[in-house]
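This report refers to the structure that appears directly beneath it.
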Amino acid sequence: MVKILLIHDGGEQASWMQSHLSEYLQIELWSVSSIPDGEELYQNIFPDVVLLPLSLRTECDLESIVCWQRRCTTVHGSRPGFLFYVIHHNDLIFFDISQGSTLISLQTSDALKQVITLMRQVAGRSKVERSLREDYDHHNRIISTMPLASMEVQGGMIGWVNPAFLRLIGHDIHEIIGTPPSKWISSVQDVSGDQLSSSPVTMEGSIWAWGNEEIPCRITVHPTKSAVPGDGIWFIEDRREYASLLSLLKETEYRCQEQLYLAETMVIRLLPDGIISFANQAAARCFGYESDILIGNPVSVLFPAGAGIGENLAELFLEVSDESSSALHIIEHRKRDGKRLWVSWMSRGLYTPDNDLAGIICVGTDMTEMAADGRERISTRVWRDRILMETDIQPDVFDSVLQACMEIGREGREGKPVGTAFLVGDSETVMRLSRQLILNPFVGHPPELRMVSVPDVREMLKEYALLDGAFVVRGDGLLEAAGRYITVDTSIVTLPKGMGTRHSSVAAITCVTDAVGFVVSESGGRVSIIKKGKIVKVIA
């Protein structure tokens with residue numbers, strides 16, 4: 001069925017057209033007497049073809065028809081065929097506004113059939129144009145609403161952007177349109193003009209958003225046939241989440257590196273009373289014993305005498321088991337020949353169906369290395385790098401502070417146990433969030449006498465460790481202060497049971513700074529390393 005709207009000007013030609021078209025069942029015909037009436041009726045019926053007699057030749061009529069045709073496209077989203085018609089010397093002539101003229105001789109027997117065919121062609125073309133318009137609008141809505149930012153570059157300038165691009169960049173559209181892409185986007189890869197003019201190119205880069213924020217992104221350019229490199233459609237993928245995942249992957253890589261190092265491990269099984277019931281060859285070799293000799297002995301044979309550890313050492317390994325999810329415990333031991341070694345332990349309790357402790361499986365790795373002077377010392381190279389991520393602490397400074405803490409925890413002062421704390425790195429923020437309890441003993445001393453890496457300075461720290469408050473150490477090893485009282489609220493952290501106010505205060509300040517805390521326990525001499533409010537290492 002073809003819908004036709006006829007503008008009937010009252011003339012004979014219009015009457016002839018109306019009488020002949022109304023005879024066909026395939027045609028649904030409406031007739032009005034003027035262009036304004038036709039435009040009003042159009043909004044209700046949306047015809048496929050509008051027929052107008054060529055007698056409408058006044059400038060006013062032609063202007064009204066052109067405006068009508070434009071409104072059909074812009075307002076109503078459809079475009080019917082507009083045909084002028086005239087009968088001249090037994091010929092029916094149609095003038096299509098957009099397609100040209102068609103002549104049909106009225107003397108032929110199938111003249112009316114040709115008219116109907118022409119009407120169907122015009123109607124079909126109108127439907128195709130309407131379908132194309134709908135497809136265009138549909139695709140434009142998809143591009144405008146998709147979350148991926150995109151823009152179109154013409155003549156080297158941005159000519160169009162979608163809402164996602166505006167949300168990403170944070171600027172108004174009038175600030176962007178008419179500017180070169182290089183004003184907002186920079187690439188970290190060298191891409192030639194030929195590449196931007198031939199085939200699609202994907203590159204990593206960054207986009208400059210509101211507030212001069214640099215957002216990492218992936219840029220894909222689909223070039224058009226243009227003499228200007230870069231002309232085409234640009235798609236910009238926000239890579240901030242990817243950058244965050246990359247950082248997390250790096251963290252996981254450090255964890256895997258640590259676990260790989262722990263793969264060559266020693267295994268010991270303890271009874272609830274601390275008797276060794278099993279020791280593999282790696283454990284026996286590490287401690288300098290034969291496997292058979294270790295079995296049946298108390299685990300105390302692996303510890304230095306008078307280390308200040310509880311009577312039942314099995315409880316120490318159970319503590320490792322309980323806290324292994326948040327901290328890796330490194331414990332100082334003694335070999336059979338009296339040499340020191342440090343072992344990183346992970347333990348699990350073995351329980352009966354009645355939830356009674358049946359034993360403890362202890363998996364450990366030797367963390368000892370030889371210092372330049374030939375003495376044994378704890379190795380930090382495997383786990384230190386992960387702690388130092390996103391801090392300003394130098395590795396040798398970390399080792400020096402750890403060594404000082406271990407000496408204070410092991411020796412105390414004049415045979416008496418001493419507890420103290422060190423805050424290393426981000427010293428400016430730490431000083432701002434703490435206050436002096438006593439006169440700062442480091443004020444006025446030259447920098448070379450305040451470096452924590454100097455052995456004589458570490459000896460001096462044992463004296464100052466008796467003072468209340470914490471030491472503050474710069475990332476490069478310079479001692480800023482001693483006796484600092486931390487003013488950060490400790491309610492923001494949660495630590496395992498048994499940790500005192502010194503641990504809580506240090507954990508709290510590491511939550512709001514990039515500092516790393518070292519806490520020496522007065523009872524037992526254990527050294528806890530704290531970062532971002534969590535205990536990440538315990539050395540006993």
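The lone criterion from (1) out of contact with any helix residue (DSSP H, G or I) (no Cβ under 9 Å at 6 or more places or on another chain); (2) over 28 Å from S379 (Cβ atoms) left unmet by V512 is number (1). Restricting the first member to the stretch 220-235 and to residues that are crowded, with 16+ Cβ neighbours inside 10 Å, and the second to residues that are among the hydroxyl-bearing types (S, T, Y) and assigned to a loop (DSSP other than H, G, I, E, B), the beta-carbon pairs closer than 9 Å and six or more apart or on different chains are P223/S199; P229/S192; D231/T224; G232/T224; G232/S226; I233/T224. Checked against the criterion of being modelled with pLDDT of 85 or more, surrounded by fewer than 14 Cβ atoms within 10 Å (Cβ to Cβ) and not in a strand (DSSP E or B), the stretch 23-33 has at least one qualifying residue. Are any residues in the stretch 462-500 closer than 13 Å to S400 by Cα and either buried (at least 20 other Cβ atoms within 10 Å of the Cβ) or not aliphatic (A, V, I, L, M) (or both), and if so, which ones? Hits for the stretch 462-500 are V473, R474, G475, D476, G477, L479.
On the stretch given as the stretch 112-156, residues that are among the β-branched types (V, I, T) and touching a strand residue (DSSP E or B) at 6+ places or on another chain (Cβ under 8 Å) total 5. Being modelled with pLDDT of 85 or more, of a type in the set (G, A, S) and over 25 Å from D476 (Cα atoms) is a condition met by no residue of the stretch 392-402. In the stretch 115-136, the residues that are within 15 Å of C72 (Cα to Cα) and surrounded by 13 or more Cβ atoms within 10 Å (Cβ to Cβ) reach residues that are modelled with pLDDT of 75 or more and β-branched (V, I, T) with C-beta atoms within less than 8 angstrom, at least six apart or across chains, in these pairs: A123/V2; A123/V49; S126/V49. For the stretch 409-432, a residue qualifies if it is crowded, with 24+ Cβ neighbours inside 10 Å and either β-branched (V, I, T) or not assigned by TED's automatic domain parsing to the domain that holds V457 (or both), and the qualifying residues are T420, V424, V430.
Here A507 clears all of (1) outside any helix (DSSP H, G or I); (2) without any contact (Cβ under 8 Å) to a residue 60 or more places away in the chain; (3) farther than 15 Å from S400 by Cβ; (4) in contact with a helix residue (DSSP H, G or I) (Cβ under 8 Å, 6 or more places away or on another chain) except the condition numbered (1).
Yes/no per residue for (1) without any contact (Cβ under 8 Å) to a residue 40 or more places away in the chain; (2) of a type in the set (F, W, Y); (3) touching a helix residue (DSSP H, G or I) at 6+ places or on another chain (Cβ under 7 Å):
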site: Y351; (1), (2), (3): yes, yes, no
site: D392; (1), (2), (3): no, no, no
site: D399; (1), (2), (3): yes, no, no
site: T420; (1), (2), (3): no, no, yes
site: V424; (1), (2), (3): no, no, yes
site: L437; (1), (2), (3): no, no, no
site: V452; (1), (2), (3): no, no, yes
site: D456; (1), (2), (3): yes, no, no
site: K462; (1), (2), (3): no, no, yes
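Meeting the requirement of 3 or more residues that are under 30 Å from H88 (Cβ atoms) and not assigned by TED's automatic domain parsing to the domain that holds C217, the helices (runs of 4 or more DSSP H) wholly within the stretch 104-189 are 111-145.
The values are calculated or read from the model by the stated rules, or taken from the named source; none is laboratory data. Please read all numbers here as calculations on a predicted model, not as lab measurements. Neighbour counts are summed over all protein chains in view; Cβ atoms, including those assigned to glycine, are modelled from backbone coordinates with ideal geometry.
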